[in-house]
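Before any comments, here is the structure.
Where a number appears in this text, it was derived from the coordinates with a stated rule and is not lab data. Worth saying up front: this structure is predicted, and the values here are computed from it rather than measured. Here Cβ is always computed from backbone atoms with ideal geometry, including for glycine, and neighbour counts include all displayed protein chains.
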Amino acid sequence: MPLLVTNAEIINADSRFSADILCTGETITRIDRGIAPPAGAEVIDAGGRPVFPGFIDPHTHIYLPFMGTFAKDNYETGTQAALVGGTTTIFEMVCPARDMSHAEGFALWRKQAEGKACCDYSFHMGVTRFDADSTAQLREIVAAGVGSFKVFLAYKGAFGVDDAELWKTLSLAKELGVVVAAHCENETLVAELQAELLAAGRTGPDAHHDSRPPRVEAEGVHHLCTFAELTGATVYIVHTSCREAIEAAIAARERGVKVLIETLIQYLLLDKTWAERPGFEGAKYVMSPPLRDSTNQAVLWNGLASGLVQTVATDHAPFDFLSQKPLGKHDFTLIPNGIPAIEDRITLLWTHGVKTGRLTLEQFVAVASTNAARIFGLWPTKGVIQPGADADLVIWDPDYRGTISATRQTQAVDYNAFEGMPIEGRPAVVTVRGEVAARDGGFCGTVGRGRFLTRPTVGSRAVSRSEQAG
Ligand code: URP
Ligand code: ZN
Ligand code: ZN
């Protein structure tokens, strides 16, 4: 059935105008004023409200075996939560254990998602070791449409790679034109600091920050960028939390390194005092890199507004407070790392970014949708409202007023890190390829309709100015 959205205030990353949007099948086919509804069309009157391209979360963990347990969501709950919050495409990190081949990991993650995903999804292929079979397997996975890798400089013994593996991964990425997403922390420093803190009796969640201070993250960024400089690969630094890390990335960029920067909604809104809450409450706020001193938040907001930082993701990694975080009750190094946010990223970014005047509407779209689509090869199918693009639309309700609460959430985890925070607007209608998938805070789409998105590689072209500038 065709879908006609009338009286839309269309907001793209580089334009803003009033028009109607006609979607035929899964695609936007016409944008004009006064479009007559085709026979049998579903008509939604946007009433002059903003209509955004479907939002894209470039960094999620729906299926994640990690630190002795599994992230709580599955592809049904996680993608429904994404849709309720306005996210129509996610990029999931495939994180094979070190004793699993890349081919096995890729197959396992595909199996988890197939028939369950409700929004569209793509993968970053985690390169968690590099051995004799890796080159051939990674070539096949890239040929199957996974145009990006993920490496961890932390979590040695689990997902982390050593320097020889990093070199080989970036060299292959350069050859294939694959962007490499990277978790940047110096694992040796983390291990030494953790041991010192535990020996000094610091066993609670408040010690997590001091085991991974900003300089440890900045060293990881510098390290990665040195390898990127020498191989010529394009790198994308995930979950950047602090001034020191941004400065290291920008210094590399000034040397000509192709480096893109992601931050998270958690770092923009929460600071390290949340992880210092009394009792074990702080465990809800343990993630890596850790929540930082609040002075870093202005640096991140300014980075987004000025184009130094390209994307706002969630790194959604949900672990229950009551049954999973206590794995580290007596030793903070064993607390499963992660703070869930897939459901609330967009409403929080709107409330604290757009409503406060930190971001323009266009910048909001750029950092929450378009830049990820461009960097990772989905644009212009995703990330823009224009004829030929997928009919992924978010009709926004700017008059909604509410409060975040775990008691009302769709994501399958027993707490919400933003509990009690007020929200000033939310998606009224969310469509995925022409089908309404969420309305007014509830999922109403089709389970399993989410599509695995194949992506071309970026080739050896330099990252363009628009991708650099946000
Ligand atoms: O603490 C985090 N970030 N958990 C998820 C795994 C990762 O490092 O991205
Ligand atoms: Zn990470
Ligand atoms: Zn992650």
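Structure above, values below:
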read-out	value
Computed label-point distance, nm, for sites residue 108 and residue 41 using a 7 Å Cα→Cβ extension	4.8
Dimensionless Rg over Rh [the chain; C-alpha; Kirkwood]	0.95
Whole-Hz ³J(HN,Hα) from phi, Karplus 6.51 cos²θ - 1.76 cosθ + 1.60, for segment 268-284, glycine and proline x	6, 10, 10, 10, 5, 5, 5, 7, 9, 4, x, x, 9, 3, x, 4, 4
Student exercise, the chain dipole from Lys, Arg, Asp, Glu Cβ charges, in Debye to nearest 20	540
Total lysine pairs whose alpha carbons fall under 14 Å of each other in the chain (8 or more apart, or interchain)	8
Between segment 274-347 and segment 1-71, the Cα center-to-center distance that results, in Å	29
Test item: Cα-centred dipole of segment 347-418, Lys/Arg +1 and Asp/Glu -1 on Cβ, debye	180
Derived scalar couplings ³J(HN,Hα) [segment 77-91; Karplus, 6.51 cos²θ - 1.76 cosθ + 1.60; whole Hz; x for Gly, Pro]	5, x, 7, 5, 4, 4, 5, 4, x, x, 8, 10, 9, 10, 10
Placed amide H near residue 359: partners under 5 Å, 5+ positions off or other chain	354
Dipole of the chain, positive end: most advanced residue of 302, 430, 173 [Cβ charges, Cα centre]	430
Nonlocal amide H pairs with residue 261, under 5 Å, H built at 1.01 Å	237, 310, 311
Check: segment 212-306 dipole with +1 on Lys, Arg Cβ and -1 on Asp, Glu Cβ, in debye	80
Relative exposure of 306, 134, 122, judged by other C-beta atoms within 10 Å (fewest first)	306, 134, 122
Antiparallel bridges, percent of DSSP beta bridges restricted to the chain (to nearest 5)	50
Efficiency of FRET from Cβ geometry, residue 74 and residue 440, R₀ 22 Å, rounded to 0.05	0.35
Computed lengthening from residue 164 to residue 200, 0.36 nm per intervening residue step minus Cα-Cα distance	9.6 nm
Burial ranking of peptide ranges 22-31, 400-409 (average Cβ count within 10 Å, highest at the top)	22-31, 400-409
Dipole-positive endmost among 270, 256, 285 within segment 250-296 (Cβ charges, Cα centre)	256
